[in-house]
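Chemist: So that we are looking at the same thing, I have put the structure below in structure tokens.
The values are calculated or read from the model by the stated rules, or taken from the named source; none is laboratory data. From a predicted model like this one, the values you see are computed outputs, not experimental measurements. Positions of Cβ are generated from backbone atoms using ideal geometry, with glycine treated the same way; all protein chains shown enter the neighbour counts.
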Amino acid sequence: MRPRPATALLITVLLTLLVAPAPADARPQDGPLAGAGHTVSMPRTGRDWYGAYRMGPVTAYCADLMSAPPRRATDWEEAPAGTPLVKQSGLADDGALLHGNGTATLSEAETADLAWVLTHTGQSPSADTGAAVEHFVRVRTVDGAQQRARESARWAAVVAAQPSTGTEFDRLTRAAARFAGPYTARLEWVSRPTLAAPSGQLRASVTSRAGIAVPGVTLSVAPTGASTVESAPSTTGTSGVADIRVTMARPGSEPSVGNVSVTFAGLAGSAPRVFVPAERTVQRLLAAPRPESVVATVEASLAPHFTPAVTTRTRDLVAVAGEPAVDLVTVAGGRPGARFSGTTTLYGPFASLEDLAAASAADTQPVGEAVFSGRYGPDGSAEAASTSLRFPGPGYYHWVEALAPAEFVTPPDAPSWPQLPETSLVLAPMITTRLSPHGTARAGVEASDALSLDGVPGVAVPDSTELAVSASGRIIGPVSPRQTDGGPTCEGVDWSGGATAGRYDDVPLPGSGAGFGATGLARTRLALPGCYSAEATVTIEHPSRAPIIARHELGHPSQTVLITEEPRPSPSPTPTPTQAPTPTPTQKPSKAPAPELARPGLPSTGR
């Protein structure tokens, strides 16, 4: 008997289905997941399964209320991630509605709530949990008053039969509101590492859409660069917060920089997995998303901090007015390899070291400001010379330096006043001499020189030593005077051939800032006529420099004398012989007059 054509066609279709390859990612529906729901008498449909389904190893839940229930012979394909989940609306009249036939799509919050509940109820939920999750899915995927009313009636039947399912649904609803995503990873410093305390504390958490720290989230910590993790928990614990101890390597000349990243793993994805059946009238199935991770990263750095010690010393402890003034700057403890710069101000003159100590930079007019610059060596030290100024006159001068701020470098405080190594004694020696006698004098006169020295503020050098001041000189002559219409003169004579009439050598000059001087120098008797003049040389010595020489040359009027010859004595005259008086005849004596009384107080006239 030949088979009927219809029967033959059916056999051919079945064989084709059996041997044809399955579509990619297609999975057969395996039916209700035993123990993960309840069979309940439903209004209008009779006894029905309300709970989870199996799709191979995946636990899934129905999303479309008015479509046909899952069947073992129907295949599902997973929709691409990010595909909008469209709700179903309306009621079925004579057959099943198309799944996802509405126009409204689930909001971000609704999809996140579904993702959280599907993830946290797991692959083997209890009967109450499976039923509660099914209702949780339904109320978010139906749309319109008709479908909401229909689902409410069905859920009421479930709760009436199994009251504990209502309690479980309420628990899941509250938990999803608190802990569903989207998630934000947070990593904040409780205490940052510092140079003084390079160990710091981080607080890690992942917050839900509601801003609540999610407890029990697995975390891992990864330091990079100069960061090292001292301690870190493996989860956020019951509080939802994890404290992490981090240590930073101390910086050298450059900042030490590192990152700390915390990865929070095992979080619910942002949307459930959606499995779409080949038949449009069969319900879609929703399953837990693949777990996701969020990462928070903070940068940690320790900047070096250098406060160099700065000292200066004047280049010349003893100087002469008009010479360059240079400050030598020494820095230590600076940033190796970095450049530095600054200014140094010269104050003065001060009459004495006591006056310097009593003054201050605030009440002293500066001479000027010099600059210095350089580069720190590998050990952070360096020395630099300032640009030069000029010492304007005699006195004590004092430098005050200031290091300019730079990256990672804080200048030290201003030095205390005064710093003697930064002080110079400046001289402007000026000699005056006075020959005694000067002008003109007779031969045979005794002559000597008197010397005074000005322009030397004192012998006290700022390094606690003293100047040695001495004088040498001589009296030159005689030199022939120059004849003029007005008579002989010593002005403009040639002293080069003059002999030394008297001298003195290396005579210490006593004195102070008020002046130095000595008298009675080169004392000698000038016996020969002619011009004489005195000259003097003052030598100021200090070990820090070459001697300072001041000279007073010959020929100044105050130190020159013209010696003239003594006059020759005149011969004594011959006395004239006295002639004898001619005798006269003797007369008779007259009668003597009577004497007058002497007037009191007046001498007698003898008459």
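Chemist: Among the residues of region 250-285, write down those that are over 45 Å from the mean Cα position of the chain (by Cα) and among the β-branched types (V, I, T).
Modeler: Let us first name the residues in region 250-285 that are over 45 Å from the mean Cα position of the chain (by Cα), namely 268-285.
Those that are over 45 Å from the mean Cα position of the chain (by Cα) and among the β-branched types (V, I, T): V274, V276, T281, V282.
Chemist: Which one of these is among the β-branched types (V, I, T) and either on the phi > 0 side of the Ramachandran plot or in contact with a His (Cβ under 9 Å, 6 or more places away or on another chain) (or both): T228, T165?
Modeler: Values: T228 fails: either on the phi > 0 side of the Ramachandran plot or in contact with a His (Cβ under 9 Å, 6 or more places away or on another chain) (or both).
Residue meeting the stated conditions: T165.
Chemist: Specify the residue that is surrounded by the most Cβ atoms within 10 Å (Cβ to Cβ); the eligible residues are those in region 237-249 that are among the aliphatic types (A, V, I, L, M) and either within 18 Å of T263 (Cβ to Cβ) or more than 33 Å from the chain's Cα centre (by Cα) (or both).
Modeler: Taking region 237-249 as the starting set, the residues that turn out to be among the aliphatic types (A, V, I, L, M) are 241-242, 244, 246, 248-249.
Adding the requirement that they be either within 18 Å of T263 (Cβ to Cβ) or more than 33 Å from the chain's Cα centre (by Cα) (or both) leaves 241-242, 244, 246.
Values: V241: 16, A242: 23, I244: 21, V246: 25.
Only one residue tops the list, namely V246.
Chemist: Now for a separate question. Counting only residues that are within 57 Å of the chain's Cα centre (by Cα) and over 19 Å from T59 (Cα atoms), give me the helices (runs of 4 or more DSSP H) lying completely in region 100-218 with at least 3 of them. Give the steps one after another, and end with the answer.
Modeler: Numbers: elements: 108-120, 127-141, 145-161, 164-179.
Answer list for region 100-218: 108-120, 164-179.
Chemist: Among the strands (runs of 3 or more DSSP E) confined wholly to region 493-561, which include 1 or more residues that are in contact with a helix residue (DSSP H, G or I) (Cβ under 6 Å, 6 or more places away or on another chain) and either crowded, with 17+ Cβ neighbours inside 10 Å or at pLDDT below 95 (or both)? Even if it seems obvious, please write down each step before you answer.
Modeler: On the way: elements: 500-508, 515-526, 530-542, 545-552.
The strands (runs of 3 or more DSSP E) meeting that bar are 530-542.
Chemist: Something else: Would you pick out the residues in region 219-236 that are in a loop (DSSP other than H, G, I, E, B) and either in contact with a helix residue (DSSP H, G or I) (Cβ under 8 Å, 6 or more places away or on another chain) or surrounded by fewer than 15 Cβ atoms within 10 Å (Cβ to Cβ) (or both)?
Modeler: Taking region 219-236 and keeping what is in a loop (DSSP other than H, G, I, E, B), we get 226, 232-234, 236.
P233, S234, listed by residue number.
Chemist: Can you find, within region 359-414, the residue that is farthest from P308 (Cα to Cα) among those that are of a type in the set (F, W, Y) and in a loop (DSSP other than H, G, I, E, B)? It would help to see each step written out before you state the result.
Modeler: First pass over region 359-414, keeping only residues of a type in the set (F, W, Y): 372, 376, 391, 396-397, 399, 408.
Among the residues that remain, those that are also in a loop (DSSP other than H, G, I, E, B) are: 376, 391, 408.
Values: Y376: 10, F391: 29, F408: 11 Å.
It comes out as F391.
Chemist: Among the residues of region 250-264, is there at least one that is over 30 Å from A52 (Cα atoms), touching a residue at least 40 places away in the same chain (Cβ under 8 Å), touching a Gly at 6+ places or on another chain (Cβ under 7 Å) and hydroxyl-bearing (S, T, Y)?
Modeler: Here is the first cut: in region 250-264, the ones over 30 Å from A52 (Cα atoms) are 250-263.
Filter once more, keeping what is touching a residue at least 40 places away in the same chain (Cβ under 8 Å): 250-263.
Then keep just the ones that are touching a Gly at 6+ places or on another chain (Cβ under 7 Å); that gives 253, 257-259.
Subsequent filtering for residues that are hydroxyl-bearing (S, T, Y) retains 253.
Yes - at least one qualifying residue is present in region 250-264.
Chemist: I'm trying to understand the selection: among the residues of region 60-77, which are assigned to a strand (DSSP E or B) and either touching a Lys or Arg at 6+ places or on another chain (Cβ under 6 Å) or under 10 Å from R284 (Cα atoms) (or both)?
Modeler: Here is the first cut: in region 60-77, the residues assigned to a strand (DSSP E or B) are 60-62, 68, 75-77.
Within region 60-77, A60, Y61, C62, A68, W76, E77 meet the criteria.
Chemist: Going by the structure shown, is A447 under 30 Å from E565 (Cβ atoms) and among the hydrophobic types (A, V, I, L, M, F, W, C)? I'd like the intermediate steps shown before the answer.
Modeler: On the way: under 30 Å from E565 (Cβ atoms): yes; among the hydrophobic types (A, V, I, L, M, F, W, C): yes.
For A447, the condition - under 30 Å from E565 (Cβ atoms) and among the hydrophobic types (A, V, I, L, M, F, W, C) - is met.
Chemist: Please go through region 496-511 and give me each residue that is among the hydroxyl-bearing types (S, T, Y) and either within 13 Å of A536 (Cβ to Cβ) or not assigned by TED's automatic domain parsing to the domain that holds T524 (or both), ordered by number.
Modeler: Step one: list which residues in region 496-511 are among the hydroxyl-bearing types (S, T, Y), which gives 496, 500, 504.
The answer is Y504, and nothing else.
Chemist: Can you find even one residue in region 43-59 that is of a type outside the set (G, A, S), out of contact with any Phe, Trp or Tyr (no Cβ under 8 Å at 6 or more places or on another chain), crowded, with 24+ Cβ neighbours inside 10 Å and under 19 Å from V282 (Cβ atoms)?
Modeler: Among the residues of region 43-59, at least one is of a type outside the set (G, A, S), out of contact with any Phe, Trp or Tyr (no Cβ under 8 Å at 6 or more places or on another chain), crowded, with 24+ Cβ neighbours inside 10 Å and under 19 Å from V282 (Cβ atoms), which makes the answer yes.
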